[in-house]
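> Have a look at this one before I ask anything.
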Amino acid sequence: MSDSPKFTRRKMLETGGLALAAGAFVSGRAQAQAIPEAASTDSPQMQPPLFPKTGPDYQPVVTLNGWTLPWLMKDGFKEFHLVAEPVVREIAPGMKANLWGYNGQSPGPTIECVEGDRLRIFVTNKLPENTAVHWHGQLLPCGMDGVGGLTQPHIPPGKTFVYEFVARKSGTFMYHPHSDEMVQIAMGMMGFFVVHPRDPKFMRVDRDFVFLLNAFDIDPGTYVPKVNTMLDFNIWCWNSRVFPGLDPFVVSKNDKVRIRFGNLTMTNDPIHMHGYDFEMTCTDGGWTRPESRWPEVTIDCAVGQMRAFDFKAEFEGDWAIHCHKSHHTMNAMGHNVKNFIGVDKRKIAEVIRKIAPGYMPMGSAGMGEMGSMEMELPDKTLPMMTGFAQFGPVEMGGMFSVVKVREGLAANDYKDPGWFKHPPGTVAYEYKGQPLPAAEQASAPDSGIDGHTWRVKDPRKPPETAPGDTPAPAKPKGHSHH
Ligand SMILES: [Cu+2]
């Protein structure tokens, strides 16, 4: 986690300028009012949570590899400003993608408020097409529901619309577009939305992590997701980020911890955490009733659902947390994208421009600035096929991270504490005693190939290969595209 929010001053000024220009289009009560500055960040690192300065106290959430949208109190409204726009997202070190998002990143910033708050959310559209924002799970007037065409006109490019509603109940919500939804979600547009209970003691935890499950189909060597893909995605993300680029969930021993997630992939994601059992305490429909809860170690989350579970962090360690669909803990990028690292896309663009004038690598017109940002080539380091930990490669990617429970961390200290120092004698170890009796040694049946028979003489050594036998296939180095 970085020490301070890396808000881009240039971007803030730029958005501020646009906000002024767009002010003339704002209708209704907010007409005469200035639009609050739209904060922006280009950092994919977890930013510090925003603590409430006024109103009821709450423990703010932290957004995995993300941040929380600052707000202003004005005329009894909490005012937020979202800007829908093209963004560059580092999906993991060594891989950047041209996505659409809000306020500089995909997902957009987390919106956080308190039950009973009156909200005024300005939405400026800097996309090349219409958009609208749906406040998933909120109980609000129908005309604030954000379904383009049905409950409001779509927000055209360059215009700003205003949403006003009361956060009627606390819980776990999200926002996402309801205009050209398939494309805009496939491009990464979404954000978390948490409403805290008015009673600071109700369901309070010490650490509260949020993320959205999303997936992209990005051909190796390209930067823009294919938006018509229905199932065969190759980049399975939490908050548009994959292991080993995902933040760990850093927790102090005996903290009360909540982990909340919502699913905007195109399939269900069974989220599994090691080392603990836990109970589902909240969905996007609200808090679960205590008598309805039962212990789990995996919580399946269907498309369009949100889930939260709570646990007390009694057990120190580095506990894996991941989607249990094994294809979702793999990165397509690992084996193929590396072939393209070092390729100067500027030259490619120049060549293609001879055939297609105006071509830019990001694939869309009117995004020159983003294009030039993208021209900045990825770091020399290759994308890793797998993350490494203290005992070797983890052989995972995608929807995988680590819950790091440590003794004595300061409250709200989310810095990565490194790998767990296991107490002596508590790590699985190699058997070095008496060899197994011969009768129990594995013996292979006749191979059937050329009449050769091979036998495992020592189970600790690989089988001998008879001359002429096909050698055992080498362990594949990467995971093939799926
Ligand atoms: Cu999954």
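> What is the one condition in (1) hydrophobic (A, V, I, L, M, F, W, C); (2) at pLDDT 95 or above; (3) within 30 Å of F233 (Cβ to Cβ) that M384 does not satisfy?
(2)
> V224 fails exactly one of the following numbered conditions: (1) within 15 Å of the ligand (Cβ to nearest atom); (2) under 14 Å from A186 (Cβ atoms). What is the number of that condition?
(1)
> List the pairs whose first member sits in the range 74-86 and is within 20 Å of L50 (Cα to Cα) and touching a residue at least 24 places away in the same chain (Cβ under 8 Å), whose second member is open to solvent by 10 Å² or more (accessible area, probe 1.4 Å) and among the acidic types (D, E), and whose Cβ atoms are under 6 Å apart, counting only residues at least 6 apart or on separate chains?
Between residues of the range 74-86 that are within 20 Å of L50 (Cα to Cα) and touching a residue at least 24 places away in the same chain (Cβ under 8 Å) and residues that are open to solvent by 10 Å² or more (accessible area, probe 1.4 Å) and among the acidic types (D, E), the close pairs are K78/D117.
> Something else now. Out of all the residues in the range 207-221, is one or more open to solvent by less than 10 Å² (accessible area, probe 1.4 Å), of a type in the set (F, W, Y) and in contact with a Ser or Thr (Cβ under 6 Å, 6 or more places away or on another chain)?
The answer is no, given that none of the residues of the range 207-221 is open to solvent by less than 10 Å² (accessible area, probe 1.4 Å), of a type in the set (F, W, Y) and in contact with a Ser or Thr (Cβ under 6 Å, 6 or more places away or on another chain).
> Need the failing condition index for D284 against (1) in contact with a His (Cβ under 8 Å, 6 or more places away or on another chain); (2) within 16 Å of the ligand (Cβ to nearest atom), just the number.
All conditions are met except number (2).
> Another one. For residues in the range 234-274 being more than 16 Å from the ligand (Cβ to nearest atom) and polar (S, T, N, Q), which is nearest to G221 (Cα to Cα)?
Among those that are more than 16 Å from the ligand (Cβ to nearest atom) and polar (S, T, N, Q), it is S252.
> Which of (1) at pLDDT 95 or above; (2) open to solvent by less than 80 Å² (accessible area, probe 1.4 Å) does A428 not meet, given it meets every other one?
Unmet condition: (2).
> Residues to consider are P109, P153; find the one that is without any contact (Cβ under 8 Å) to a residue 24 or more places away in the chain and either out of contact with any Asp or Glu (no Cβ under 7 Å at 6 or more places or on another chain) or not polar (S, T, N, Q) (or both).
Details: P109 fails: without any contact (Cβ under 8 Å) to a residue 24 or more places away in the chain.
The conditions single out P153.
The values are calculated or read from the model by the stated rules, or taken from the named source; none is laboratory data. Note that this is a predicted model, so its numbers are computed, not measured. Neighbour counts are summed over all protein chains in view; Cβ atoms, including those assigned to glycine, are modelled from backbone coordinates with ideal geometry. These area figures cover heavy atoms from the full protein model, side chains too; ligands, DNA and RNA do not enter into them. Shrake-Rupley method; radii C 1.70, N 1.55, O 1.52, S 1.80 Å.
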